[in-house]
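> This is the structure I have questions about; it appears just below.
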Amino acid sequence: MKKLLIVLALLLPVAAQAQYQDRPAPADTTLVLSLDDAIKIALSENTSVKVADMEVQRTKYAKKGAYGALFPQINASGLYSYAIQKQKVYFGSDSEDEGSSSGGGMAGMMAGLVEPIMYYIQQLYQATNTPFVPYVAPVTPADESSGDGAIEMGRTNQVQLGISAAMPVINFQLWESLRLSGDQVELAVEQARESRLGTVASVKQAYYAVLLAKASYDVYNAVYENAVQNFKLTESRYNVKKASDMDMARAQSTLAAAIPNLYNAENAIYLGLWQLKAVMGLDLDRAVDVKGSLEDYAQHMFYDINEASEAPLDKNSQLRQLSQQAEMLAKQIRMQQYAYLPTLALQLSYNYYTQSDKFNLSQWKWLPSSTLAVSLSIPIFSGGQRYHAIKQTRVQADELALQRENAERQLRIGIRQSISTMDTAMKTYDAAKEALTSAEKAYDIASKSYQVGKSTLTDLNNTELTLTQTRMQVAQAVYSFVVAKAGLEQTLGYDFTEEK
């Protein structure tokens, strides 16, 4: 008897501590959330939602950058070159006389005409103050002739500065690619919407899991309190020799078995709150709690589920993305087909050019030049690259069509599973509520009978076990319904604002 009392003295403070830890923190430090509050916080703080919004912004920047191809592309350039060996030109024929500097025949006559012109050009480029010297044809003796008849061209130092602009005038492939970049923005927006739908569903499931853990804790806490009362009653009867040693041992073991369940239920609450904070994007050390109970959602369990089974899938995010990808592939095919068409571009350039044999910047003479060109490009042959690229994209479009068909089939299966789960939960809830009323009545009768000694502790424990199971079935039925409903809403594409 003394050993039993010692064990009991050790167990009761532990249970009392478990009850104390479950008490909510002070109101000024605990953030008490409703389901709507948790969803709103998650939509603004969840990491996946933030990343999806940033992806939308990135694609918008990419679209704006793609439209820049329609505007002139302006570039400045600069060039400096040093002539290690100047270029030479020849005038005349290979058969010209060895003793003549200009050769004979037509070639010699042309050389005689060009030489003065080149001399005067050289005079214009020379930055000197010497008076202008008339041209005198050089007389080269036959024995002093170089023998090659070559004339050097250009100067040692060359500098060129310029600016150029180019823009497309007719380019069907470019125009179609711009439409494709706009579709990429729409696809990113739909992906961000899918991220929000997933976040809302995850928040709901985590929120309902906390409510289920709290419901389980209430059930096991009631079992513990009943075990304490039954132990005290059995102990008082045992002290007056009205209860056997078996009854006393059974009461003590029932009390000891109730404590681990209470701890497990309490730990489930903490784990559920951590999961909820993680989904919401809050600090895990932040003290939070949830409002209400699962029973608050029981009144929303009953409605015509056939309406949900016939709901269209036009708002489903996955099917929307597949449809947008199909449109993008169609535009990509058109863009590849436009590669067969000619393109027209406009180019404008303006340059300053100077040459000098001396590196004297102050005496360099700069000469401007400008050009305006229209460029026409006609594709003729590419080795079959364009043809096979179109074939490849068409195969991708066919694959995407099959994927969309399979995705719609899987979504229909998911909808039926959710509806079946909801229907089963509603039936289970009805049956469990009726059983709960009977179980509570049976436990009250058994408890009173045990108090007056008309029933045994075994009978009381059996009725309490039935009561505990029935309470858990009621809570589990509501939880199964609301979780299946959250999954169904995600599949049908109902976002938070539309649901409200």
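> Could you check, for the range 268-277, whether at least one of its residues is within 22 Å of Leu465 (Cα to Cα) and either in a helix (DSSP H, G or I) or assigned by TED's automatic domain parsing to the domain that holds Ser480 (or both)? So that I can check it myself, show each step before the final result.
Narrowing the range 268-277 to residues within 22 Å of Leu465 (Cα to Cα): 268.
Now drop any that are not either in a helix (DSSP H, G or I) or assigned by TED's automatic domain parsing to the domain that holds Ser480 (or both), which leaves 268.
Checked against the condition, which is being within 22 Å of Leu465 (Cα to Cα) and either in a helix (DSSP H, G or I) or assigned by TED's automatic domain parsing to the domain that holds Ser480 (or both), the range 268-277 yields at least one hit.
> Among the numbered criteria (1) in a helix (DSSP H, G or I); (2) of a type in the set (Gly, Ala, Ser); (3) touching a strand residue (DSSP E or B) at 6+ places or on another chain (Cβ under 9 Å), which single criterion is violated by Ser438?
So the condition that Ser438 fails would be (3).
> Take Tyr450 and decide whether it is at pLDDT below 90 and in the same structural domain as Asp314 (by TED's automatic domain parsing). If you could, list the steps in order and put the result at the bottom.
Values: at pLDDT below 90: yes; in the same structural domain as Asp314 (by TED's automatic domain parsing): yes.
Yes; evaluated as a whole, the condition is true for this residue.
> Is it the case that the range 360-380 has a residue that's among the hydrophobic types (A, V, I, L, M, F, W, C) and part of a helix (DSSP H, G or I)?
Step one: of the range 360-380, the residues among the hydrophobic types (A, V, I, L, M, F, W, C) are 361, 364, 366-367, 372-374, 376, 378, 380.
Still in the list and also part of a helix (DSSP H, G or I): 361.
Yes: one or more hits.
> Can you tell which of Met248, Met280 is under 32 Å from the mean Cα position of the chain (by Cα) and crowded, with 17+ Cβ neighbours inside 10 Å?
Only one candidate qualifies: Met280.
The values are calculated or read from the model by the stated rules, or taken from the named source; none is laboratory data. None of these values were measured; they are calculated from a predicted model. Reconstructed Cβ throughout: ideal geometry from the backbone, glycine too, with neighbour counts over all protein chains shown.
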